[in-house]
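Note sheet for the following structure.
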């Protein structure tokens, strides 16, 4: 007779999570063979939602444990994993509405999400390395799902290859100095030239993943050339994972290396200026958003440069804010693209055609600028104050000047959308897209007005990370 | 706390504007109703004075708090916002006749009203700054409302470039004050002020003064305000005469103790006097119908600041209140004249007399600006010149400015109301003006006259409060000499103006040069003033205006250059990966170099 209670106690949240991960890939593969897109969407969504719930539960109960020294569950990694699962849920809903073959997308995305989890839970450099590869390579195929995106996919592949080369070089250099693949504080003073070399290689390699200037000059081409749902995934998930990995490595391994943080501050400055100034001249909406996304990476790096719990917490807050802002605005872009509208001038008359889309896009723009009552404001406020607190007043001032510059180009789409065109006819939005936009908008506004829960989570994750 | 909720009413109206299925011409009435509802709430719950603090969020030990406060000045500004706001929305119902513009226009106007109400209740730097930023953004959107017009977008960009300089200055001042006092609360900062200026305090004060100068269009930043007249007329009447541009004066009043400890009142006085002179001279030669009034607004703002800097806070508050009404009135008249004749230049606008009610209302506004006895403008002018009489040079300059004001405002009036050149078309235009446009002007004309009564009630209204900025104020009063002087200057200006522009021979399209020649011929006094001051001062301010334009162009050019470089780097065919690899490698090398240099 089997003891039921024994069976019950064997089911821990961690095991459920791992089982769900396996189910995600195996199930998607099986259904892909049967060629039924609607079933695939239902299954994919269900498993993702289950993953989200399990991850959220673990985050809520504060589970922290390590498995075989390769994987570690803690508030930081769980926050990261939950955010990205939610983002993936939204992106896959968007892809269902617009991807030429959703079944292919689902399969690739499930592999990619596994990679994200590996990065999130990595406690070894090998796990991190494999995770990043697993995340990036399926994305190339996702971009390729649209026939016109060959060039974008190849450029993405080039970026990925250089990043891999640098990352393996960085891992090997670190291993050569420390003799261990574990992600743990590197023993050695800040003057150890070899370790510093490794630190810079990590910054450069992850800078490719995180679209930091000057490694990001191909990124706008990729964003513009990819279908919008793939762009949403690139900017909302992949680039943010790169940033979080950068933060993770720098805080855990290279915390005593002051120079590494100065390099990050310098990169942050050039990235902000590059993104914001070039965005001023864009006519293509998606390309403008690409540059804007580059500049947002620059703002987030202010928090990384500030280090300390305040800086890391601020960076995490802004990452969370920008993930959903970006996916939300890209959902609208995807909808516009389906009607053949890609330029900012094509936005003219949008408020007459679909008021929800226009209002949502305007609010997303205001949040990008950082106006109060949106997550963008809280994020920027936390970032700038953390920089001031860390003695980096000049960096905060440059960040503020950049926010001011960004006002010029974020206002343009708003003005265009609320200009009325004579022959505007109402256009309905697909339910899937409207749902994605609504969720992103709700997150932006609710957490912008009542940010305390999110601040609680991000500062908890930051304190945990710095206490390791 | 009731007060933060006040802003919800216009917010609700805005939601209604969004929610209504189709564009509607009735949005104006809806918005006006919301403003009036706010006004009623203000009367019901405005007193007693006090403040309340709400904690928005906390990070570690830092609590982000928002303080709303209500004192006499806050209440006055709130009342102005809602009274003028209601009238402006009604006026707009007649003015904005294109159906397709309705929703965007009222959404932005109501958004502005909410931000302005929030600004009026600011009890700490946080709320002040948040509202200040929203005001900048909405002003930018509203000036560039007709964004298909190249000049409108240019004017909007100039305005926001100027104002953002002040925003940055204000933010820097906040950082310094936080280091000094560890609080953003006005009352706490003013209570903790040292008796002598320290270098950081001086720096903070100077940065605040810079912010005030940009927002309230003072020398050398005044050029953005006349340019802002590219926006629709209701916007000019609301933002650029009666509410937003006064944000600087408002800040100067509530932070007066800080500014005087920092030793900056003399500087502010000097700059405001210079601005008053330039604005008066500019108004005398301007020919665009709205820009004359805009220069007049700049001049009035500078007189308010001069009064504040001299410690005559009560006089400044009085002027602050009554000016809102007659200045909005003149903008309404200008807008009506432009709509009736389809012209913008004073050389071509004519026939204001065709609509009796509008004509009389406008005359009320003109007489008030010029300073005739029973109108509120007279009391304001007399109160301020009496307060400034201790400094003889300032007093003399203020008197000359008063003469100039009377001259240019009558010039404006005579030119606008000269007999009709267009024949019956414009006469029909005047008579066919939408009713809301004429009646709102009439209401403001009544308020202009009624404002005179406030002169006698205001001191009692203010005396019951223990607000820091009122403690050391010079009382509001004027002697017989001041009153007589203001009246004499009014008469002199009116007569000179009549000689130059009121008589029949001046009615032949007086071009700019011919007008100047005529002035030179008849009134040597003015040309002397021109020769002495205008050439010099105007050059400086134009220079700053040019600098701001360069700054503005600089952004665009920088973007274009980076863009061109980016295009060269862009891989046309995927075969040429080399440039990208080279740049990336150079990036890695640069990072290494930086890291080892710091080492």
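The values are calculated or read from the model by the stated rules, or taken from the named source; none is laboratory data. Please read all numbers here as calculations on a predicted model, not as lab measurements. Note: ideal-geometry Cβ built from the backbone for every residue, glycine included; neighbour counts use all protein chains shown.
Checking each residue in region B:173-190 for being in contact (Cβ under 8 Å) with a residue 24 or more places away in the chain, part of a helix (DSSP H, G or I) and within 23 Å of residue B:70 (Cα to Cα) picks out B:174, B:177, B:186, B:187, B:189, B:190. Taken together, B:135, B:201 contain a single residue that is modelled with pLDDT of 85 or more and over 25 Å from residue B:68 (Cβ atoms), which is B:201.
Of the residues A:383, A:347, which is over 21 Å from the mean Cα position of the chain (by Cα), more than 10 Å from chain B (Cβ to nearest Cβ) and crowded, with 23+ Cβ neighbours inside 10 Å? If you could, list the steps in order and put the result at the bottom.
Working: A:383 fails: over 21 Å from the mean Cα position of the chain (by Cα).
Of the residues listed, the single one that is over 21 Å from the mean Cα position of the chain (by Cα), more than 10 Å from chain B (Cβ to nearest Cβ) and crowded, with 23+ Cβ neighbours inside 10 Å is A:347.
Would you confirm whether any residue within region B:338-356 is surrounded by 24 or more Cβ atoms within 10 Å (Cβ to Cβ), within 13 Å of residue B:300 (Cβ to Cβ), in contact (Cβ under 8 Å) with a residue 60 or more places away in the chain and out of contact with any strand residue (DSSP E or B) (no Cβ under 6 Å at 6 or more places or on another chain)? Looking through region B:338-356, none of the residues is surrounded by 24 or more Cβ atoms within 10 Å (Cβ to Cβ), within 13 Å of residue B:300 (Cβ to Cβ), in contact (Cβ under 8 Å) with a residue 60 or more places away in the chain and out of contact with any strand residue (DSSP E or B) (no Cβ under 6 Å at 6 or more places or on another chain). The condition of being closer than 23 Å to residue B:87 by Cβ, in contact (Cβ under 8 Å) with a residue 24 or more places away in the chain and surrounded by fewer than 24 Cβ atoms within 10 Å (Cβ to Cβ) does not hold for residue B:370.
If you go through region A:386-406 and keep only what is within 9 Å of chain B (Cβ to nearest Cβ) and either closer than 13 Å to residue A:318 by Cα or surrounded by 24 or more Cβ atoms within 10 Å (Cβ to Cβ) (or both), you end up with just A:386.
Of the helices (runs of 4 or more DSSP H) lying entirely inside region A:209-289, those containing at least 1 residues that are more than 17 Å from residue A:383 (Cα to Cα), within 11 Å of chain B (Cβ to nearest Cβ) and in contact with a strand residue (DSSP E or B) (Cβ under 7 Å, 6 or more places away or on another chain) are A:219-225. Only one of the listed residues (A:56, A:115) is assigned to a helix (DSSP H, G or I) and within 26 Å of residue A:221 (Cα to Cα). That residue is A:115.
For region B:237-251, state whether one or more residues are more than 29 Å from residue B:111 (Cα to Cα) and not in a loop (DSSP other than H, G, I, E, B). No, every residue in region B:237-251 fails to be more than 29 Å from residue B:111 (Cα to Cα) and not in a loop (DSSP other than H, G, I, E, B). Within region A:445-452, the presence of at least one residue that is assigned to a loop (DSSP other than H, G, I, E, B), surrounded by fewer than 21 Cβ atoms within 10 Å (Cβ to Cβ) and within 13 Å of chain B (Cβ to nearest Cβ) is confirmed. Scanning region A:208-223 for residues that are under 16 Å from the mean Cα position of the chain (by Cα) and either modelled with pLDDT under 85 or surrounded by fewer than 24 Cβ atoms within 10 Å (Cβ to Cβ) (or both) turns up just one, A:216.
Taking region A:406-437 as the range and being part of a helix (DSSP H, G or I), in contact with a helix residue (DSSP H, G or I) (Cβ under 6 Å, 6 or more places away or on another chain) and either under 16 Å from residue A:365 (Cα atoms) or modelled with pLDDT under 85 (or both) as the test, the residues that pass are A:406, A:407, A:409, A:410, A:413, A:414, A:416, A:417, A:437. Checking B:236, B:282, B:272 one by one, the residue that is surrounded by 24 or more Cβ atoms within 10 Å (Cβ to Cβ), within 20 Å of the chain's Cα centre (by Cα) and more than 23 Å from residue B:394 (Cα to Cα) is B:236 and no other.
Within the bounds of region B:163-170, is there any residue that is away from every other protein chain (no Cβ under 14 Å) and either under 20 Å from residue B:263 (Cα atoms) or in contact with a strand residue (DSSP E or B) (Cβ under 6 Å, 6 or more places away or on another chain) (or both)? Before you say what the answer is, go through the steps one by one.
Of region B:163-170, the ones away from every other protein chain (no Cβ under 14 Å) are none.
No: region B:163-170 contains no residue that is away from every other protein chain (no Cβ under 14 Å) and either under 20 Å from residue B:263 (Cα atoms) or in contact with a strand residue (DSSP E or B) (Cβ under 6 Å, 6 or more places away or on another chain) (or both).
Where helices (runs of 4 or more DSSP H) fall wholly inside region B:69-159, the ranges with 1 or more residues that are surrounded by fewer than 24 Cβ atoms within 10 Å (Cβ to Cβ) and within 12 Å of chain A (Cβ to nearest Cβ) are B:102-120, B:125-143.
Whether any residue in region A:144-154 is modelled with pLDDT of 90 or more, crowded, with 22+ Cβ neighbours inside 10 Å, part of a helix (DSSP H, G or I) and in contact with a helix residue (DSSP H, G or I) (Cβ under 8 Å, 6 or more places away or on another chain) is what I want to check. No, there is no match, as no residue in region A:144-154 is modelled with pLDDT of 90 or more, crowded, with 22+ Cβ neighbours inside 10 Å, part of a helix (DSSP H, G or I) and in contact with a helix residue (DSSP H, G or I) (Cβ under 8 Å, 6 or more places away or on another chain). Within the option set A:198, A:255, being at pLDDT below 90 and surrounded by 22 or more Cβ atoms within 10 Å (Cβ to Cβ) holds for one residue only, A:198. Scanning region A:39-84 for residues that are exposed (fewer than 15 other Cβ atoms within 10 Å of the Cβ) and at pLDDT below 85 yields A:60, A:61, A:62, A:64, A:65, A:66, A:67, A:68, A:69. The residue of region A:453-468 that is surrounded by the most Cβ atoms within 10 Å (Cβ to Cβ), among those that are more than 20 Å from the chain's Cα centre (by Cα) and more than 14 Å from every other protein chain (Cβ to nearest Cβ), is A:464.
What do you reckon, is residue A:371 surrounded by fewer than 23 Cβ atoms within 10 Å (Cβ to Cβ), within 12 Å of chain B (Cβ to nearest Cβ) and at negative phi? Working first, answer last.
Values: surrounded by fewer than 23 Cβ atoms within 10 Å (Cβ to Cβ): yes; within 12 Å of chain B (Cβ to nearest Cβ): yes; at negative phi: yes.
It is true that residue A:371 is surrounded by fewer than 23 Cβ atoms within 10 Å (Cβ to Cβ), within 12 Å of chain B (Cβ to nearest Cβ) and at negative phi.
The single condition among (1) surrounded by fewer than 21 Cβ atoms within 10 Å (Cβ to Cβ); (2) within 21 Å of the chain's Cα centre (by Cα) that residue A:427 does not satisfy is (2).
All told, residue A:184 meets the bar of being more than 22 Å from residue A:294 (Cβ to Cβ), under 25 Å from the mean Cα position of the chain (by Cα) and modelled with pLDDT under 85.
Results for (1) under 28 Å from residue A:241 (Cβ atoms); (2) at pLDDT 95 or above; (3) part of a loop (DSSP other than H, G, I, E, B), shown as yes or no for each residue.
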{"site": "A:292", "(1), (2), (3)": "yes, no, no"}
{"site": "A:346", "(1), (2), (3)": "no, no, no"}
{"site": "A:351", "(1), (2), (3)": "no, no, no"}
{"site": "A:376", "(1), (2), (3)": "yes, no, no"}
{"site": "A:387", "(1), (2), (3)": "yes, no, no"}
{"site": "A:391", "(1), (2), (3)": "no, no, yes"}
{"site": "A:398", "(1), (2), (3)": "yes, no, no"}
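Of all residues in region A:302-314, those satisfying the criterion of being within 13 Å of chain B (Cβ to nearest Cβ) and within 25 Å of residue A:446 (Cα to Cα) are A:303, A:309, A:310, A:311, A:312, A:313, A:314. Every test in (1) facing chain B (nearest Cβ under 9 Å); (2) closer than 22 Å to residue A:279 by Cα; (3) crowded, with 21+ Cβ neighbours inside 10 Å is passed by residue A:410 save one, and that test is (1).
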